[in-house]
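The values are calculated or read from the model by the stated rules, or taken from the named source; none is laboratory data. All values derive from a computational prediction rather than experimental measurement. Methodologically, a virtual Cβ is constructed for each residue, glycine included, from the backbone with ideal geometry; neighbour enumeration extends over all protein chains shown. Just so you know, the surface numbers come from the protein's heavy atoms only, side chains and all, with ligands and any DNA or RNA stripped out. Shrake-Rupley method; radii C 1.70, N 1.55, O 1.52, S 1.80 Å.
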Amino acid sequence: MLRALAALDAWDQWLFRRLTRRERRVVDHRLKQLSNSANRSVLWLAIAALIAIFGGHRSRRAALRGVVSIAITSTLVNLPLKYLARRDRPPMRRGDRPLPVSLPGSFSFPSGHSASAFAFATGVALEQPGLLVPILPLAIGVAYSRVHLRVHYPFDVLAGATIGTAMGLASEPLMRAAREWRDSAVPVPEEERARSREVILVSSPHAGRGASLVRARAAMASAGLQIVSELGVEDIEQLPGLLSRNGSRPPIVVAAGGDGTVGSVADAVIGTPAVMGILPLGTSNDFARSLNIPMRVGNAVRLLTHGRVSRVDAGRLTRAGQPPRHFVHAAAAGLNVQFAKFATRADLRRRLGKLTYAIAAAVALRERPVFKAQVEYEGRVEPLELVHLAVINAPVFGGFLDLKIPGGAPDDGRLHVIMVEHLPMRRLLRSAFYPAIGLHRAIRGFRTMQVARLTVLPADPIDVTLDGEIAGPVSGTFDVVRGGLRVITPASFKDDRR
């Protein structure tokens, strides 16, 4: 180990001498200006201010995440790490020209300038990938300047860039926790809140056996909410009767579970005066994430008393000779049905636990059967051969990854449709990977569109999932029930129809 460290130090000092052996006055001057501008992160704070002033909501979020990333990184680098490493700055040797900048009094490893530069670039880019193009060269320039100006060794800068990038990635949980606390704690005006303090609690079988639901009951009691009735989601047909007993001020109907539970409750209460609350106790909770519902149980319960009643859209599937079925997040045929058939098996969930979803996804991708269907939308009719069709009402997907369909909102009055042809595995994985890193590129055989109405007529009977639950044949017409649901949301959720 000591021999490896000695070899690394020797290489680091050799590279330092190679990079600093020549005097280049113009370059020295420009890099000195760039390096000094990044002192105390002034450069990055100024850029963040410009992004926030001239950008929209997403740009302001990017600027905030960049600043938060710098704060975390500076605290870590300048306090514990430098004093743990205690590496001296590069020494002045006989014959060396004077330093272009004053030598800092702190230790050399890791480079604080480099760490802050890459923390800011990473934090901003994760929210607004397009901003990486102008910011990354600046970050690289600041990092290199610290070696060129002879105040850091190359490995100090490399370690700082790595730490900064890691802290930029790690800033999301901190921002999410702060946002959840703020959303649950900031009350809206009294007239915008739910009028009832009584609750009908509807839970999934998995949530009903968990400790999270026990905590939720205790939190509701502490918040002054009274549970007047409890139902399992399998008994959802009893809900309309319970609501009808309470006249014009029915209890809040709280869906405790994942998207499937929320969708079942929404199907029962849509078009009624009932207000729906959400306790996200499922695995993905994509609809709750789309509405900025806090993921922590205590914060989600607090929102029930502090939040605003907003009107949001629901998707609807109408089939011949059957009553309409509603969904809140997505309807899907093809890969998602294969996934659901495997992932919802109780015996496999008991045996595989948290690995169930990963294995179910692998099985679905391996099999990916092709189905033929005629798709009708906006006066067009197309015959297609697909492995996957998704009709999406709420834009967030991927659970904790918090991926989002560009331009989508739960109250935009549109359905976002994804159609995937039979692709090679590498292209199929690429279609999933690009959104995860914020890239939006066209992929042959992968189509997206926004419609108000879509009719699907498969050549052979195939099933559809509504909010992850298998719900019979896909054949029928999908449309939007605009503003059909009254849901308790944080003040941060924008309700355009309020």
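Any residue in region 333-348 that is modelled with pLDDT under 90, assigned to a strand (DSSP E or B) and either hydrophobic (A, V, I, L, M, F, W, C) or open to solvent by 40 Å² or more (accessible area, probe 1.4 Å) (or both)?
Yes, that holds for at least one residue.
What residue, of Glu234, Glu230, is of a type in the set (D, E, K, R), without any contact (Cβ under 8 Å) to a residue 40 or more places away in the chain, open to solvent by 30 Å² or more (accessible area, probe 1.4 Å) and touching a Pro at 6+ places or on another chain (Cβ under 9 Å)?
None of the others qualify; the one that does is Glu234.
Can you name the condition, by its number, that Asp313 falls short on among (1) at pLDDT 90 or above; (2) under 30 Å from Arg182 (Cα atoms); (3) in contact with a Ser or Thr (Cβ under 9 Å, 6 or more places away or on another chain)?
(3) is the only condition that Asp313 fails.
Consider Ser171 carefully, then state whether it is under 30 Å from Thr489 (Cβ atoms) and open to solvent by less than 10 Å² (accessible area, probe 1.4 Å).
Against the criterion (under 30 Å from Thr489 (Cβ atoms) and open to solvent by less than 10 Å² (accessible area, probe 1.4 Å)), Ser171 qualifies.
Given (1) closer than 30 Å to Gly407 by Cβ; (2) surrounded by fewer than 16 Cβ atoms within 10 Å (Cβ to Cβ), where does Arg40 come up short, assuming only one miss?
Unmet for Arg40, out of (1) closer than 30 Å to Gly407 by Cβ; (2) surrounded by fewer than 16 Cβ atoms within 10 Å (Cβ to Cβ): (1).
Of all residues in region 148-161, count the ones that are within 22 Å of Pro80 (Cα to Cα), open to solvent by less than 60 Å² (accessible area, probe 1.4 Å) and of a type in the set (A, V, I, L, M, F, W, C).
So the answer is 4.
So which residues in region 294-317 are open to solvent by 60 Å² or more (accessible area, probe 1.4 Å) and either of a type in the set (A, V, I, L, M, F, W, C) or under 24 Å from Val417 (Cβ atoms) (or both), if there are any at all?
Arg311, Arg316
Name the residue, out of Leu291, Leu243, that is touching a Pro at 6+ places or on another chain (Cβ under 7 Å), more than 23 Å from Ser222 (Cα to Cα) and open to solvent by less than 10 Å² (accessible area, probe 1.4 Å).
Being touching a Pro at 6+ places or on another chain (Cβ under 7 Å), more than 23 Å from Ser222 (Cα to Cα) and open to solvent by less than 10 Å² (accessible area, probe 1.4 Å) holds for just one of Leu291, Leu243, which is Leu291.
If you go through region 199-211 one residue at a time, how many are at pLDDT 85 or above and open to solvent by 30 Å² or more (accessible area, probe 1.4 Å)?
So the count comes out to 0.
Write out, first by first residue and then by second, each pair whose Cβ atoms fall under 8 Å of each other, whose residues are 6+ apart or on separate chains, and whose first residue, in region 458-483, is among the aliphatic types (A, V, I, L, M) and modelled with pLDDT under 90 while the second is assigned to a loop (DSSP other than H, G, I, E, B) and open to solvent by less than 20 Å² (accessible area, probe 1.4 Å).
Ile462/Val474
Listed here are the residues, each with its yes/no results for (1) under 18 Å from Pro395 (Cβ atoms); (2) polar (S, T, N, Q).
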{"residue": "Gly260", "(1), (2)": "no, no"}
{"residue": "Ser264", "(1), (2)": "no, yes"}
{"residue": "Ala274", "(1), (2)": "no, no"}
{"residue": "Ile278", "(1), (2)": "yes, no"}
{"residue": "Asn285", "(1), (2)": "yes, yes"}
{"residue": "Arg289", "(1), (2)": "yes, no"}
{"residue": "Met295", "(1), (2)": "yes, no"}
{"residue": "Ala300", "(1), (2)": "no, no"}
{"residue": "His306", "(1), (2)": "no, no"}
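For Val133, which of the numbered conditions (1) among the hydrophobic types (A, V, I, L, M, F, W, C); (2) assigned to a helix (DSSP H, G or I); (3) in contact (Cβ under 8 Å) with a residue 60 or more places away in the chain fails to hold?
With respect to (1) among the hydrophobic types (A, V, I, L, M, F, W, C); (2) assigned to a helix (DSSP H, G or I); (3) in contact (Cβ under 8 Å) with a residue 60 or more places away in the chain, Val133 is out only on (3).
If Ser145 satisfies every condition in (1) open to solvent by 50 Å² or more (accessible area, probe 1.4 Å); (2) modelled with pLDDT of 90 or more; (3) not aliphatic (A, V, I, L, M) but one, which is the exception?
(1)
Being over 30 Å from Ser196 (Cβ atoms), at pLDDT 65 or above and in contact with a strand residue (DSSP E or B) (Cβ under 6 Å, 6 or more places away or on another chain) narrows it down to one residue among Val396, Val387; which is it?
Val387
Quick one: how many residues across region 1-27 are under 19 Å from Asp156 (Cβ atoms) and open to solvent by less than 70 Å² (accessible area, probe 1.4 Å)?
Final tally of qualifying residues: 12.
Does Arg179 fit the bill of being part of a helix (DSSP H, G or I), within 30 Å of Ala274 (Cα to Cα) and at pLDDT 85 or above?
no
Looking at region 321-332, is at least one residue assigned to a helix (DSSP H, G or I), modelled with pLDDT of 85 or more and closer than 30 Å to Glu192 by Cβ?
no
Starting from residues that are open to solvent by 20 Å² or more (accessible area, probe 1.4 Å) and in contact with a Leu (Cβ under 6 Å, 6 or more places away or on another chain), keep the ones in region 383-398 and report whichever is nearest to Thr477 (Cα to Cα).
His388
Restricting attention to region 28-37, which residues are under 16 Å from His152 (Cβ atoms) and open to solvent by 60 Å² or more (accessible area, probe 1.4 Å)?
Matches in region 28-37: Lys32, Asn36.
Any chance region 182-198 includes a residue that's crowded, with 18+ Cβ neighbours inside 10 Å and assigned to a helix (DSSP H, G or I)?
There is at least one residue in region 182-198 that is crowded, with 18+ Cβ neighbours inside 10 Å and assigned to a helix (DSSP H, G or I).
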